[in-house]
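Heads up, the thing below is written out as structure tokens.
The values are calculated or read from the model by the stated rules, or taken from the named source; none is laboratory data. Predicted model only: the values in this text are computed from it and were never measured. Backbone-built Cβ (ideal geometry, glycine too); neighbour counts: all protein chains shown. Calculation scope for accessible area: heavy atoms of the full protein, side chains included, ligands and nucleic acids excluded. Shrake-Rupley method; radii C 1.70, N 1.55, O 1.52, S 1.80 Å.
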Amino acid sequence: MGTKFPDYCAMAKRDKPVFAPNKQVIIALCHSFLFCLPLMSIAQPPTGVGGGATTPNPADVEAAEEKPDTSHIYYHFARQPNDFQAITDTSLNHNFHQYDKARRHRWDYFHLGQAGTAMLPVVYQPRKRFGLDLGQHAFDAYHLDNQDLPFYKLQNALTDVQYDFTSQANSALKAQFARNFAGGLHMSVQYQRVMSLNDLFKNIKDSLFYLPPRARTSSFGIGFWYHDKSEKYDGFFTFTNNIVIQRNTGGIISDTNLVKLVQVTTRLPTLPLFLDDTTYHSSREYAYRHFYKLNKQDSTGAKRQYLLSHQIRYAQQSYKFSDVNTDTRIDTAYFGAFLTDTRGLRQFLSNNLVENSFTISTTQARKQAIDTFQNRNNNAITVQKDWFELGLVHQYRKINEEPLNYINQNVLITGRWHFAPNEQLRLESYAHFNALGANLGDYRVNGNLYLNLKNVGSLQASFLNQLSAPSVLEKRLWVSQRKIWDNDFNKTLETHLSGTIQIPRLRFEGTIGYTLLNNYVYFDSLAFARQLTSPVSILQLIVKQDFTIKNFHLDTEIAFQKATDKVLRLPDLYGKHSLYYEGRVFKQVMLLRVGVDVRYATTYQGYGYMPLTGQYFLQNGADKSFFPFMDGFLSAKVEKFRVFVKYENIAKLLKINKNEGYTTAFYPVPEQTFRLGLRWELRN
């Protein structure tokens, strides 16, 4: 049976877009927003709600002075309880008005034209492997992992909520809450949701219409940290739950005969929709990690500590594709050899994991000054000077590939060494080796070196080398309980090197990277898993340069990359530029930023997407031509309150490009769209 999915057509009729993309509405909205700016500057949150410090009243500050947050919040992760990092927030950043997860990373991701859909990185980056890999990564960026849930050192509760939308059915919500309780108990909660559900028909040239894929992703995490009064015991309990639901439509049909077939079959001559299937991914995880300190840390932090730790983790993961409304002619043309049963298609994979890990580690702390020009009292925080760790991990998995069920076990030896003797030098290194089990011989070694040259700038070097067995999906695939492939691939060896230089005075950053892949696994033009027998390498050059003239800014970032084999479909050049004005208005109370974001890729043969396997593959039916994506935005901040208005794809409105924009073959991006976003942070 297929996954039950909401009636999105009815929902789309109820939840019509809040904003219609026409010039009258644009002008009216801009006038309304500008009228509300002074009102928002009056409705400020109360002062003096910071953690341990008082936020100064605007009347007590000189008009020309930029007022930073003086209440510092420190956080750390359960894997390293002594490594605190400070959060300071003084301005609007580029990520604030980027609601789409595909735009919130250092480099963009490609997806199926809608927020919440399957993603693929634009700029190649290694994927770190550990133990068995199931092979489903198209939705990883939407997931919250238990090891990524932060724990905070607070004096007052922290609440941070952001909501943005074009309509109720097309929205994104992010919420975070943290507070301390008596008796050494700390709580941290995170929730994220992305919905792209409206059935908004998109006008495509030649009088065709397009129904985009619809998606709903949600992630929830809650964690409790117990810190013993004796300071010798720390315990961390975390629970995370991630759900992805994607309604696949197959994209725009490019084959003329197939278009005619769909028109005859569906009797909708203007609707080239020929798939109606569902992808459902679920991941639920419980973990408890605890540390016992063999000796107590002194007040200066100079005494070396020795720690024992243990973590038990239980995870349930399932990946399901279903299509219960198959049409023999249409589905044969689309799925080809994957259509094993004309009554319907189903691909299912599940994994139940029990993992135990044990480590012994030693660490030493040091004092570090708080990095803020308001630090008149020379306040300092205790930070981690070094961390040396040895560990042993056992993984027990029950795998269900439907109909195949089996047990998979691995034993891994792990090691970690972090060294930061001062603020100028930081070394982070990690290694593991699969000593026993199904993935015997797999390993990974990676490290980062940071060198702060103070006024000159900084240098960073990164290294990664890993040997990994093929994933479960790359090795074997079943569809409707019938075997599609059973591969005997060799292990993939990957080596990555990169170096980065930053010169703050020149607002310049440059990175050069090189990756070498042996036995690389990819999905061919039929969406079948294949292994490349010859080595393939990727050379990358990334340049970031920001220009500033008074309150006007131009932030540019360009990535050049070249692969030696066409099985890696990468644009030779990808650029991101942001031109904006930023300054304080309304008696210096409000920080305002208004501008335009532009991104583009040179013409190249892009990837296609196969929803049945959840993989991007080497389609040969369409080139991704040059198309400048342009988004206008206006954002503002008053104390802890932020708001943005964004108008997407203004290139079509300005008639810069009459064609449709694509990031994945056959999946166009939406037309011009307004989006409104609000964010409010409270500390009380």
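Quick one: which of Lys174, Lys153, Lys128 is open to solvent by 50 Å² or more (accessible area, probe 1.4 Å), of a type outside the set (A, V, I, L, M, F, W, C) and under 22 Å from Phe641 (Cα atoms)? Can you show your working first?
On the way: Lys153 fails: under 22 Å from Phe641 (Cα atoms); Lys128 fails: under 22 Å from Phe641 (Cα atoms).
Unique residue meeting the criteria: Lys174.
Which of the residues spanning region 218-244 are among the small types (Gly, Ala, Ser) and surrounded by fewer than 21 Cβ atoms within 10 Å (Cβ to Cβ)? If you could, list the steps in order and put the result at the bottom.
From region 218-244, those among the small types (Gly, Ala, Ser) are 218-219, 221, 223, 230, 235; that's our starting set.
Once the filter is applied, which keeps residues that are among the small types (Gly, Ala, Ser) and surrounded by fewer than 21 Cβ atoms within 10 Å (Cβ to Cβ), region 218-244 yields Ser218, Ser219, Ser230, Gly235.
Is at least one residue of region 490-499 basic (Lys, Arg) and at pLDDT 95 or above? Yes, there is a match, as at least one residue in region 490-499 is basic (Lys, Arg) and at pLDDT 95 or above. Here Ser525 passes the criteria (1) open to solvent by 40 Å² or more (accessible area, probe 1.4 Å); (2) hydroxyl-bearing (Ser, Thr, Tyr); (3) modelled with pLDDT of 95 or more except the one numbered (3).
When you scan region 141-149, do you find a residue that is small (Gly, Ala, Ser), open to solvent by 10 Å² or more (accessible area, probe 1.4 Å) and within 12 Å of the chain's Cα centre (by Cα), even just one? I'd like the intermediate steps shown before the answer.
Within region 141-149, the subset small (Gly, Ala, Ser) is 141.
Cutting the leftovers down to open to solvent by 10 Å² or more (accessible area, probe 1.4 Å) gives us 141.
Still in the list and also within 12 Å of the chain's Cα centre (by Cα): 141.
Within region 141-149, one or more residues are small (Gly, Ala, Ser), open to solvent by 10 Å² or more (accessible area, probe 1.4 Å) and within 12 Å of the chain's Cα centre (by Cα).
Those strands (runs of 3 or more DSSP E) of region 539-634 in which 1 or more residues are more than 30 Å from Asp331 (Cα to Cα), open to solvent by less than 50 Å² (accessible area, probe 1.4 Å) and without any contact (Cβ under 8 Å) to a residue 40 or more places away in the chain occupy 552-563, 573-585, 590-601.
Which numbered condition in (1) in contact (Cβ under 8 Å) with a residue 24 or more places away in the chain; (2) more than 19 Å from Asn446 (Cα to Cα); (3) open to solvent by less than 30 Å² (accessible area, probe 1.4 Å); (4) polar (S, T, N, Q) is the only one that Thr511 fails? The one condition Thr511 does not meet is (2). Consider region 156-171 and keep the residues that are modelled with pLDDT of 85 or more and among the hydroxyl-bearing types (Ser, Thr, Tyr). The one that is least open to solvent (accessible area, probe 1.4 Å) is Ser171.
Residue pairs whose Cβ atoms lie under 9 Å apart, separated by 6 or more positions or on different chains, with the first residue in region 79-95 and in a loop (DSSP other than H, G, I, E, B) and open to solvent by 60 Å² or more (accessible area, probe 1.4 Å) and the second of a type in the set (Asp, Glu) and at pLDDT below 80, are Thr88/Asp69; Thr88/Asp371. For region 661-675, the condition holds for no residue, the condition being that it is free of Cβ contacts under 8 Å to residues at least 40 places away in the same chain and buried (at least 22 other Cβ atoms within 10 Å of the Cβ).
Of the residues making up region 183-200, one or more are under 30 Å from Asn684 (Cα atoms), crowded, with 22+ Cβ neighbours inside 10 Å and at pLDDT 85 or above.
Restricting region 453-486 to residues that are buried (at least 16 other Cβ atoms within 10 Å of the Cβ) and among the polar types (S, T, N, Q), the residue that is nearest to Gly614 (Cα to Cα) is Ser471.
Working carefully through the options Arg289, Arg329, find the one that is open to solvent by 40 Å² or more (accessible area, probe 1.4 Å) and at pLDDT 85 or above. Write out each step before concluding.
On the way: Arg329 fails: at pLDDT 85 or above.
Residue meeting the stated conditions: Arg289.
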